[in-house]
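The values are calculated or read from the model by the stated rules, or taken from the named source; none is laboratory data. A quick note: this is a predicted structure, and the numbers were derived from the prediction, not measured. Cβ sites come from the backbone with ideal geometry, for glycine too, and all protein chains shown count toward neighbours.
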Amino acid sequence: MWTNSTNLTFVPTRSHHQTALICQMTFSSLKKYIQNEITISVQYPPSIFITTPEIQNHNSTNRTTNQEVTVQEGSSLALKCSVDSNPESQVTWMKGEKNVLIEGNGSELVLYLSNIKASGADNYHCLAHNNLGAINQTFIIIVQSAYVSFIVADNTKYFLIAGAVGIAALLLVALTLKLLLSSR
């Protein structure tokens, strides 16, 4: 009886997960072979990729992690947190440091923000963790006020930025400026 063995040693990475490994032994004198196939299951901590799929009143293309986006007050936005991990991760969207918005398990969690107000401007965090590690990625939302307008008089632009409380006073100032410029 004849015995032969060969050992294969390698360090698996996340790219090897669900890869087929085939061992084949050939008997050249018999012109036959046998083979055995196994699928590798590699466990690894989570990695995150955040995108902003296009949504109503927002013309953003997909953006990567640690980015920011400026939206108009009253518009809508979706933030998609894609997670790659094995085993599956617990995924959480947070606003600021403490306010949990949505939680779930799996490879994707989408946070839908509609009718965004000025108070919606903040750092939004996607957190993912499994028993092998944790990761946190941040996406910054800047909200542009809906109360921005301009007046054109004699080819000069005067920008007025006003909140709801001071809008009446600013309209009075704008009317006065227009009258002063037109009397020149």
Query raised in the report: Across region 147-166, what is the total count of residues that are at pLDDT 50 or above and surrounded by 13 or more Cβ atoms within 10 Å (Cβ to Cβ)?
Result: 2
Query raised in the report: Counting only residues that are of a type in the set (Gly, Ala, Ser) and either closer than 20 Å to residue 68 by Cβ or in contact with a Lys or Arg (Cβ under 7 Å, 6 or more places away or on another chain) (or both), how many does region 99-149 have?
Result: 7
Query raised in the report: Under the condition of being exposed (fewer than 14 other Cβ atoms within 10 Å of the Cβ) and not in a loop (DSSP other than H, G, I, E, B), which residue from region 73-101 is modelled with the highest pLDDT?
Result: 100
Query raised in the report: Can you tell me which of 57, 66 is more than 17 Å from the chain's Cα centre (by Cα), assigned by TED's automatic domain parsing to the domain that holds residue 132 and either crowded, with 16+ Cβ neighbours inside 10 Å or at pLDDT below 90 (or both)?
Result: 57
